[in-house]
Amino acid sequence: MRLYAVVAAGGFRRYATYRMATAAGVFTNTVFGFIMAYTYTALWDERPQLGGYDLSQALTYVWLGQALLMTCAMMGGGFEDELMERIRTGDIAIDLYRPADLQMWWLSGDLGRAAFHLMGRGIVPMALGALAFDLALPSSPLTWLAFLVSVALGVVVSFAVRFLVALSAFWLMDGAGVMQICWLAGLFFSGMLLPLNLFPGTLGEVARALPWSSLLQVPADVFLGKRTGWGLVQAYAFQGGWALALLAAGRALQTAATRRVVVQGG
Amino acid sequence: MADALLSGLRAYGLIAGMWIRSTMAYRASFVMTVLGNFAVTSFDFITILLMFSHVDALGGYTLGEIAFLYGASGTAFGLADLVMGSMNRLGRRVRDGTLDTLLVRPVPVLAQVAADQFALRRLGRITQGLLVFGYGVLVLDIEWTPLRVMLVPLMLLSGAAIFSALYVAGAAFQFWAQDASEVQNSFTYGGNTLLQYPPTLFAKDLVRGVTFVVPLAFVNWLPALYVLGRPYPLDLPQWLAFLPPVVAAVCCWLAALAWRVGLRSYRSTGS
């Protein structure tokens, strides 16, 4: 366990190194937050209470999206390109040789990254958004705590999906196509572009049942107080269930893949 | 001056041609990435369609009018992204020192950086923009006059030039702030997202900012509102609709200036 804590701390420090990039990212998140906040304002002006949100809740949703975009890696990123490259070049053999579990190793690093992104890329855009717009921030510290738990579960689901994507490189060698599909699905089905509550009919039902809704829609609903009591337990069960299922799939794929690895050379 | 421009364009053509040949070596992969590029940009418009499943108008604009704005901005941005999109990578080149290789070659550095990894897959974005634009034109009942017809190609090309100038200016900024390539994204991608919606949605100060400071409004808002026969934001005069080529020329000139200052101040990290 100590080993994985060290790896997580390393993941945190690695992303904390690039301060200029973090500042630039915060700037971009804020710009997009403003643009989306204005479009949502127009939408909710036409149809108040759309999707069960009032205007300030909808605006809060926008800024939560910007704050969690990097944390939950909705547009991909983090580790999968690196892991794919290691698989392609054969460096993965060294990783498999290490006295650490491959999946746990990358999960720890990604959790460290997510923790940094939540602080470095999440807090400032959210604070700026709260200054410029009237946001529905929870008054109870318990809601904040419940939200953080939900975000953590979201990060694990996001990791589990991206780990599966990365392992596809064992068979495909070049995973750019799979990565692009995963990136698209993450952006659309997390609710980043539009809350999933607004998706019509069957599309909405499917979108809300897919794992990506754990990345933004579920944490946002917890934050907005739409999930309390039994509803909160259900939300956690949904996220935790997907996390476990996808991690187990990753583990099965990892076992199958390691049987395939042939290390070249002496 | 004209000679330098010509040799730059020629070098750009040669390098881009080389990258196209290299892309075409894997045709299946090329087709897939074009489709991927098309799909990525389509999600923006699907979002707008989903919004319009709940409302009939957004900020007083119908779906057709927003498609017109969206298509104009998307096409202009797609063209700029195709021609100048690689400027995004300058920060990385400064960081890992590969920019030095470009400096010793007898070819303008701007042409080399811009044509580097020329990605023909970006045609996907242009196609998507044009399709949405075409949809807008078809469903709208525009009163076409010769002036309005003339304004459409003028708008798309000037818009592409304005976005290209932003790419170059952003790259010049990266000489100084190597890791800050994301700042550029907020003006290029962010600008494109902003222009997809009508100006009535946004706060007056924001509209002022993108008219007078970073002249994004000239990409599509001002010329498109003239074609659509819509009132102007901020009580601006109508003749501004014909100004985009002038604005684009000024932007390109300023961007070239910034690029020169950036390149001159570049100090290699050495070994």
Worksheet item: What residues of segment A:224-252 lie in the reach of a label at A:Val149, counting those whose backbone N is under 14 Å from a point 7 Å from the Cα along Cα→Cβ?
Response: A:227-241
Practice prompt. Step through the residues of segment B:47-62 one at a time and calculate ³J(HN,Hα) from phi using the Karplus curve (6.51 cos²θ - 1.76 cosθ + 1.60, θ = phi - 60°), rounding each to whole Hz and writing x for Gly and Pro.
Written response: 4, 5, 4, 5, 4, 6, 6, 10, 10, 9, 8, 10, x, x, 10, 7
Worksheet entry | At 1.567 mPa s and 4 °C, Stokes diffusion of chain B via Kirkwood alpha-carbon radius, µm² per second | 66 µm²/s
Worksheet entry | Calculated on alpha-carbon atoms, Rg and Dmax of the protein assembly as shown in Å | 24.1, 76
Item to complete: Please work out how much length the chain gains when fully extended from B:Ile46 to B:Leu234, using 0.36 nm per residue of separation minus the C-alpha to C-alpha distance, in nm with one decimal.
Response: 64.7 nm
Response to the item:
Residue-ordered couplings for segment A:134-143, obtained by feeding phi - 60° into the Karplus form 6.51 cos²θ - 1.76 cosθ + 1.60 and rounding to whole Hz (Gly and Pro as x), are 8, 9, 8, 7, x, 8, 8, x, 5, 5
Response to the item:
The exposure ranking of B:Arg122, A:Arg13, fewest beta-carbon neighbours within 10 Å first, is A:Arg13, B:Arg122
Discussion item. For segment A:2-260, what does the relative contact order come out to in percent, with C-alpha contacts under 8 Å and a separation of six or more?
Written reply: 26 percent
Fill in: Per-q log10 I(q)/I(0), chain A, q = 0.08, 0.09, 0.16, 0.17 Å⁻¹ (Debye; single scatterer per alpha-carbon; no solvent)
-0.33, -0.42, -1.24, -1.37
Discussion item. Suppose every Lys and Arg Cβ carries +1 and every Asp and Glu Cβ carries -1, with no other charges. What dipole size does chain B come out with about its Cα centre, to the nearest 20 debye?
Written reply: 880 debye
Worksheet entry | Neighbour-count order for A:Lys226, B:Lys204, fewest beta carbons within 10 angstrom listed first | B:Lys204, A:Lys226
Worksheet item: Taking N as the number of residues in segment B:163-250, what is its Cα Rg relative to 2.2 N^0.38 Å?
Response: 1.15
Item to complete: Taking the Cβ of each residue in B:Leu195, A:Leu216, A:Leu50, B:Leu206 as the centre, tally the other Cβ atoms inside 10 Å and list the residues starting with the fewest.
Response: B:Leu206, A:Leu50, B:Leu195, A:Leu216
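Here, each number is a calculation from the coordinates, and none is a lab measurement. All values derive from a computational prediction rather than experimental measurement. So basically every Cβ, Gly included, is an ideal-geometry build from the backbone, and we count neighbours across all protein chains shown.
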